[in-house]
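Pasting in a structure now, in structure tokens, and then I'll have a few things to ask.
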């Protein structure tokens, strides 16, 4: 069993529903969804190019998947996550846009959001004591030979390379694409998601995702509301 602390909008948010349809799976229910009908892009092409993010579900990673430390139980993690979420006020991200991130596409804020970066850093630091150290196999799967020096240092210290100053908020929509595939996937993504990207995104909860066994799809275990009201409920 592995756990991850992510951001995702609520289950019935229009963006969540649209992204779940695009990816072919709803991370809240675990159910498969029918890909959208998009002119010029076959259903099999959408299914193929979304296979990697489909397993993870629609999310932005804050604390990447981790095994619990031997002395930590799931109830301990849940209690701390509820308290932590309740101690942070909700905030807004700038409107999102479809962007190329290396060789894949995802949703990113139109302008950088320093508050989100600092919040993500706080999540990584706060919950590191709950994480079991990476095994040798897990370390090698992170491909440390291709990392920059800061990324390697993050992997060694925090269990994931793309945290702290290397963090960039994104919600993946495809796996790696060849240049010829990007030419028709990119306009399809922009057309499909444009109705859902017209306003700021409310960051009002933290989501605990679980991976029941190695390679299994990640699924939302629970949402944890942020802010004073949430804090009073668990005090």
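Laboratory data are not the source of any read-out in this text; all were calculated from the coordinates shown. Bear in mind the structure is a predicted one, so any value in this text is a computation, not a measurement. Every residue, glycine among them, receives a Cβ derived from its backbone with ideal geometry; neighbour counts consider all protein chains shown.
Hey, how many Å between the Cα centroid of the range 77-111 and the Cα centroid of the range 158-192?
Value for the Cα centre distance between the two parts: 15 Å.
Based on alpha-carbon positions alone, could you give the equivalent ellipsoid semi-axes of the range 124-177 from the gyration tensor, as √(5λ), descending, whole Å?
Equivalent-ellipsoid dimensions as semi-axes: 19, 15, 12 Å.
Then there is this: So what is the calculated 222 nm ellipticity per residue for the chain, using -39500 (n - 2.57) for each DSSP H run with n of 4 or more, over all residues, to the nearest 500 deg cm²/dmol?
The helix-only estimate for the chain comes to -10500 deg cm²/dmol at 222 nm.
Going by alpha carbons, how many degrees (0 to 90, nearest 10) lie between the helix axis of 149-158 and the longest principal axis of the chain?
Once rounded, the angle reads 50 degrees.
Output the relative contact order of the chain, whole-number percent, from Cα pairs under 8 angstrom with separation of 6+ residues.
Here the relative contact order equals 34 percent.
On C-alpha positions alone, give me the angle between the axis of helix 74-86 and the longest principal axis of the chain, in degrees, nearest 10.
Once rounded, one gets 80 degrees.
Once the Cβ-Cβ distance between residue 76 and residue 115 is put in as r, and R0 is 25 Å, what FRET efficiency do you end up with, to the nearest 0.05?
0.35
Any chance you could give the angle, 0 to 90 degrees and rounded to 10, that helix 114-126 forms with the longest Cα principal axis of the chain?
Helix 114-126 sits roughly 50 degrees off the main axis of the chain.
Now for a different question. With springs only between Cα atoms under 10 Å apart, run a GNM on the chain and tell me which of 70, 14, 187 wobbles the most.
The residue that fluctuates most here is 70.
Using a Gaussian network for the chain with springs between C-alpha atoms less than 10 Å apart, which of these wobbles most: 26, 205, 154?
154
OK, next. Given axes a ≥ b ≥ c from the Cα gyration tensor, I'd like to know whether the range 105-235 is rounded (a/c under 1.5), prolate (a/b larger than b/c) or oblate.
Note, shape of the range 105-235 comes out oblate.
Shifting gears a bit: Specify the residue with the greatest mean-square fluctuation among 69, 149, 137, computed from a Gaussian network of the chain linking alpha-carbon atoms under 10 Å apart.
137
Using the C-alpha gyration tensor of the range 45-125, what are the square roots of 5 times its eigenvalues, in whole angstrom, with the largest one first?
27, 20, 10
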